[in-house]
Amino acid sequence: MWVGFERRDLGAIAHYTGMLVASMALLMVIPLLTALASGEWGPALDYACGIGIAAAFGMLLAQSAPRGTHLTRRNALIVTALAWLAASLVAAVPLSLSGHYGGFVDAFFDAISGLTTSGLTLVQDLDHLALAHNMWRHLLHLIGGQGIVVAALSVSLGLRGGGAVSLYMAEGRDERILPNVMHTARFIWFVTAIYVTLGTVVLSVSNLIQGMEAGRSVLHAFWATVACYDTGGFGPQSQNAMYYHSPIFEGVTVILMLAGTLNFNLHADIWRGDRKEIFKNLEARALATNIAILSVVIGIGLAATRLFSTPGEVVRKGLYHLISANSGTGHQTLYNAGWANGYGGLAFAAIVLAMAFGGMASSTAGGIKALRLGLIAKGVVLRVRESIAPASAVVRSRYHHLLDVPLSADVLANALMLFVLYVVTYISGGMIGAAYGYPIGEALFESISATANVGLSTGITSPAMPLGLKVVYMLQMWAGRLEFIALFVLVASAIAAVRAKRGRA
């Protein structure tokens, strides 16, 4: 049954969307202060404009309904889908004014990529981008990695009660870490602050040892830490991680990538002292198994190529790119052309699978997620056991994910549904890329990178690529970050509204 909108539904959706958009104006103060502190007067004006537009647009929408307006589960999903688009639109304003993008669409592409922690970019002359704009690009990763709703909850921006709970769950958070949603949001930011602080300190020292100037070393360290912990692929230099030429940089960022791909509930268990949970948890075991198997595959594949000269370099570079792909971080230490021309067929396939599988649920990572892969594997084993058991036997299966849980038909069906949706989107994007004339392997690589919010690129993603493909990748990044359901609810609700309007005509 198609349920139409009433006026109060539209008011509630506009109100909460506006509050989330208004939070972007508050966050733009940081790059504005960066510009003022570094004497970048042009970028300072860009962010003054961005703050004004975000605040005006957000508060205008927020006036559609009074504070504390009830928000249903359906409307929360619609708000989530719309808020990520609206936030990306206002986030793109200062970027489009920077002069480093071919137009607003390219800046919008980067804003979506930043907020979804994808890391694909259309920026031009990145090496000369202002500090304020680099700060904003990486802050988009920080905001999007934790979630726009979590960011708004953390500053208590008018989001309380049932509306806050509905939005939190609609943003893809499957479990609450603490009974109170506000406390949960603040715990997520507390854990993030610890990792970002530690990573920034260690990488700052590493950069200083490498000979980088003090202020620049701290900024680069902060940006790299944010990009890796929030599993986004932006970097302040066009060479990405290759710019640093440092085993220390690679080692620290691998740790940050793995920390970012952990379920926030696992972080909570570890902080509470229950370190055994990470060894019992189905999702952690599935992720570890996935990494172990693909590590062997990528090692064999790279050994057959001449891309890296020594066994040590094969292990170091192969593992770095595997973790980067599996966690959805998207940092790389080779040129884009190296994926297709130097990595070899087997290693290339391993990276593609790692991107497609992704990290853990309720983390900053994207992709299908290790939990769903583990559940599907459990479901296959259960079906085999049922097939060989006596007809009178009742065969059940359980799994451990924070608690011991029975493997129900609903849980398995949901895992399979999302698995299929991701795979169909991966293949569809690859076919569209191929239709534009790109090699099918590279087009599939790029499609998976966009949908799984990874950011690795064979070079297809560039300012010169067709407008249609830019739109496709933006839709894929948006849908992949929201895990499809919120997007489908938005589309279904729009269809219901049109039908209702026709019925009244």
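The values are calculated or read from the model by the stated rules, or taken from the named source; none is laboratory data. All figures in this text were calculated on a predicted structure; none of them were measured in a lab. With ideal geometry, Cβ positions are generated from the backbone for all residues, glycine too; neighbour counts draw on all protein chains shown. For accessibility, only protein heavy atoms count, side chains too; no ligands or nucleic acids. Shrake-Rupley method; radii C 1.70, N 1.55, O 1.52, S 1.80 Å.
Observations on the model:
- Selected from Met355, Val315, Ala304, residue furthest toward positive end of dipole (the stretch 276-357; charges at beta carbon): Val315
- For the chain, leaving out every one of the GluC sites (Glu not before Pro) that falls in a DSSP loop and has at most 15 other Cβ atoms within 10 Å, the longest unbroken run is 214-505.
- A 1.4 Å probe over all protein chains sorts Cys228, Cys49 by accessible area into Cys49, Cys228, starting with the largest.
- Sites Ala377 and Gln63, calculated FRET efficiency, Cβ-Cβ separation with R0 30 Å, nearest 0.05: 0.05
- Cross-link partners of Lys378 among lysines, defined as those whose alpha carbon lies under 26 angstrom from its own and excluding same-chain residues fewer than eight positions apart: Lys276, Lys280, Lys369.
- Global geometry of the stretch 332-399, whether rounded, prolate or oblate, following the gyration tensor of its Cα atoms and the 1.5 cut on a/c: oblate
- By accessible area with a 1.4 Å probe, ligands and nucleic acids excluded, highest first: order of Asp410, Asp125, Asp46: Asp410, Asp125, Asp46
- Taken as entire DSSP H runs, the helices of the chain that both span 15 Å or more between Cα atoms along their own long axis and average 1.6 or more on the Kyte-Doolittle scale are 247-260, 282-303, 345-357, 409-435.
- The stretch 370-504 shape via C-alpha gyration tensor axes, a/c threshold 1.5: oblate
- Within-10-Å neighbourhood charge of Gly359 [Cβ basis; K, R +1; D, E -1]: 0
- Remark: the Cα gyration tensor places the stretch 446-486 in the oblate category, a/c being 1.5 or greater and a/b not exceeding b/c.
- Distance between the modelled labels on Ala409 and Leu10, one decimal in nanometres: 4.1 nm (7 Å Cα→Cβ projection).
- Of the solvent-accessible surface of the chain, computed with a 1.4 Å probe and all protein chains present, 67% belongs to carbon and sulfur.
- Within-12-Å neighbourhood charge of His138 [Cβ basis; K, R +1; D, E -1]: -1
- Listed residues Tyr422, Tyr244, Tyr335 arranged by accessible area, highest first, probe 1.4 Å: Tyr335, Tyr244, Tyr422
- Distance from the stretch 295-312 to the stretch 410-441 (C-alpha centre basis), Å: 28 Å
- Ignoring aspartates and glutamates fewer than eight residues from Lys317 along the same chain, the ones with Cα atoms less than 12 angstrom from its Cα are Glu250.
- Gap separating the Cα centres of the stretch 346-388 and the stretch 235-290, nearest whole Å: 18 Å
- Rolling a 1.4 Å probe over the heavy atoms of the protein chains gives the chain an accessible area of 41 Å² per residue.
- At R0 = 30 Å, FRET efficiency that the Cβ-Cβ distance of Val296 and Thr197 yields, to 0.05: 0.30
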